[in-house]
1. I'd like to know if segment 111-124 contains one or more residues that are surrounded by fewer than 18 Cβ atoms within 10 Å (Cβ to Cβ) and under 22 Å from the mean Cα position of the chain (by Cα).
2. Would you point out the residue of segment 54-111, among those that are aromatic (F, W, Y) and under 25 Å from L189 (Cα atoms), that is modelled with the lowest pLDDT?
3. Which of (1) more than 21 Å from L143 (Cα to Cα); (2) surrounded by 23 or more Cβ atoms within 10 Å (Cβ to Cβ); (3) touching a Phe, Trp or Tyr at 6+ places or on another chain (Cβ under 7 Å); (4) of a type in the set (G, A, S) does G338 not meet, given it meets every other one?
4. Report, ordered by the first and then the second residue, all pairs with beta carbons closer than 6 Å, sequence separation of six or more or different chains, a first member in segment 114-135 that is within 19 Å of A155 (Cβ to Cβ), and a second member that is among the basic types (K, R).
5. If I filter segment 2-17 for residues that are touching a Phe, Trp or Tyr at 6+ places or on another chain (Cβ under 8 Å) and part of a helix (DSSP H, G or I), do I get at least one hit?
6. Scan (1) farther than 22 Å from A378 by Cα; (2) at pLDDT 90 or above for the single condition G278 breaks and write down its number.
7. Name the pairs: first residue in segment 27-40 and of a type in the set (D, E, K, R), second residue in a helix (DSSP H, G or I), Cβ to Cβ under 6 Å, at least 6 apart or on different chains?
8. Considering (1) part of a helix (DSSP H, G or I); (2) assigned by TED's automatic domain parsing to the domain that holds A103; (3) in contact with a helix residue (DSSP H, G or I) (Cβ under 6 Å, 6 or more places away or on another chain), say which one P195 fails and leave the rest.
Amino acid sequence: MGASDSALAPSRGTIRRLIAVSAEGVASGAPLMVGSRLLQGWLAASGVPLALIGLIPLAELPYTLKLFWAPLLDRWPIPWPDRRRGWLLLMQLLLVAVIAAMALLRPSSNPTQLTAVGLAALVLAICSATQDIAVDAYRTDLLPEAERGAGAAAAALGYRAAMLSVGAGGFLLADRFGWPAAFLSAGALVAAMVPFTLSAPKLPPLEHAVTSLRQAVLGPAREFVRRAGPNRTWQLLLLVLLYRWPDGLLNAMAIPFLKLQGFSEADIGLVQGGWAIGATMLGTVIGGSLFAWLGMNRSLWLFAISGVIGNLSYWALARFGGGVSGLITAVSLENISGGMVGAVFVALLMSLCNPRFSATQYALLSGIYALSRSILAAPAGVVAERAGWPGFFLFTVAAALPAFLLLWRIAPWGEQEARGAFDPSRDPT
């Protein structure tokens with residue numbers, strides 16, 4: 001290997017950090033699938049009424065509400081192995097115990113059994129959501145700026161690998177060995193991440209630790225506004241809200257569109273299930289690799305443009321057709337670009353957090369983003385009905401314009417980092 005090749009090769013420290021965030025991605029994705037897909041399949045196979053199965057999403061509310069207890073992780077860090085991995089270790093051990101306990105339950109229409117299953121699902125979601133807070137904070141505090149794109153990609157790959165393992169592999173195990181085996185294997189997957197947590201790189205101590213609950217609750221917002229400035233603050237928050245709005249609109253109507261276009265359930269399941277996940281993983285790798293070369297701002301611009309191209313591929317499918325080959329092309333372009341957009345977006349959120357308050361600030365920012373998938377995506381069906389499918393997909397393209405206007409203001413092409421991102425020298429504390 002020549003000198004230039006050595007310079008381009010990742011260092012040992014970089015590799016350790018990427019392995020660590022990838023492993024935590026696995027630990028984050030596995031319990032989510034246990035509490036959703038795996039639990040739904042188990043209850044359906046046990047003859048539980050559909051009306052009761054439909055209540056499962058209520059047990060997932062902790063993922064939405066986690067921002068309300070995120071300050072607790074900033075205020076009371078568990079010091080061993082470090083302030084973030086202490087919480088990770090505790091939550092992973094609890095998750096293993098809860099998932100193993102779920103394997104011992106026998107769901108049926110019996111109210112006592114259903115209550116036990118419901119409580120187990122709720123405890124699982126609380127532990128999983130708390131782990132997600134710690135995972136996001138650890139990744140944010142661990143990765144230097146140059147590694148944020150690759151780190152976001154590594155975390156996403158681990159997350160989706162776990163979703164595939166538990167979602168697909170769990171059902172295969174359930175078919176052959178029964179549902180308890182599926183749950184135990186998912187618990188074993190989380191347990192296998194514990195050694196990675198223990199051996200992951202240690203975070204440096206904070207220079208200014210959070211010393212009160214009031215500081216943990218009010219400090220993150222105040223610090224962010226002081227650092228970014230009042231004018232930049234609302235622009236940055238709008239960018240977080242709107243950058244992935246086109247994704248939210250498209251995802252809300254993708255399956256109904258394909259169904260109404262005449263594609264079979266088998267075609268939709270194969271392409272949107274397996275093929276789409278593979279395309280997203282490929283896009284994530286591409287995005288993470290390009291990020292180190294392009295930098296934050298150019299990645300934000302170029303990956304958003306790729307997202308527009310992905311949405312235009314659905315417009316072409318609606319306008320001109322193309323059968324299964326057109327379906328595969330549209331899904332491939334949309335999910336490859338979606339993986340790229342996701343990688344740079346996570347890197348953006350990390351750049352906007354102060355390590356002192358990263359658990360709370362990342363939870364708040366991701367909560368703002370979640371609004372684009374829920375409230376802002378809610379009119380998607382109305383637009384599709386009134387404008388028709390080609391018009392709807394052009395609307396999703398137009399939905400990218402506000403983000404481009406904000407990028408022009410706060411993430412100019414010629415600058416390396418979005419204005420208002422964390423700079424230790426500007427931390428007023």
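The values are calculated or read from the model by the stated rules, or taken from the named source; none is laboratory data. The shown structure was predicted, so the numbers you read here are calculated from the model rather than taken from an experiment. In this analysis, Cβ positions are derived from the backbone assuming ideal geometry, glycine residues included, and neighbour counts consider all displayed protein chains.
1. Yes, that holds for at least one residue.
2. Result: Y63.
3. Failing condition for G338: (3).
4. Partner pairs satisfying both residue conditions: A129/K66; I133/K66; A134/R84.
5. Initial filter on segment 2-17 (touching a Phe, Trp or Tyr at 6+ places or on another chain (Cβ under 8 Å)): none.
Within segment 2-17, not a single residue is touching a Phe, Trp or Tyr at 6+ places or on another chain (Cβ under 8 Å) and part of a helix (DSSP H, G or I).
6. It is condition (2) that G278 fails.
7. Short answer, once both residue conditions are applied: R37/G167.
8. (3)
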